[in-house]
């Protein structure tokens, strides 16, 4: 879990930790004519033949910083930093705000439609993040330090607890069991002599 969370949360956090919080306001409504159908590879293996399509929509927003005088106008919004990095590697002359590439094309369209209904309304405002040194884009959601702390703390606590149980069992519980069990015939005779329950039987522990 620690390794998985490290790749899933810690690495993305290190990429966006310098981003600042701001307020994004959508500056245009998305029309049907603005939606482009883009081909994508729905497999992590570049040699695989899995190809699908998703609707590419570019949302433009104005960004106002919450704790500074920085103001950005008509910058492209991305749903995540991963989408932003992916768009930099494409040959498209436009960038897509939201990217999902499932084998089922309908699922891609449904997810993009859900994102637009939630964040693509004209003059809608919501929290977003931007990088002052690269004020050409904004990110709708990033991995925060709080998320990283929780995803690392609890698995680490589970590991420590598990190691504690193993150490106790190996070094304490077994040794106490050995001391309490008669290992020689003399110990067994002593146990019999100390048996005062009135019955002629061997007392065992």
task = Run down 80, 71 and say which single residue is out of contact with any helix residue (DSSP H, G or I) (no Cβ under 6 Å at 6 or more places or on another chain) and over 22 Å from residue 29 (Cβ atoms).
result = 80
Hey, residue 78 over 30 Å from residue 49 (Cβ atoms) and either at pLDDT 90 or above or surrounded by 14 or more Cβ atoms within 10 Å (Cβ to Cβ) (or both) or not = no
request  = Exactly one condition in (1) at pLDDT 90 or above; (2) surrounded by fewer than 14 Cβ atoms within 10 Å (Cβ to Cβ); (3) assigned to a helix (DSSP H, G or I) is not met by residue 122; state its number.
outcome  = (3)
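The values are calculated or read from the model by the stated rules, or taken from the named source; none is laboratory data. Being a predicted model, the structure only gives us computed values, none of them experimental. Ideal geometry is used to build each Cβ from the backbone, glycine not excepted, and the neighbour counts take in all protein chains shown.
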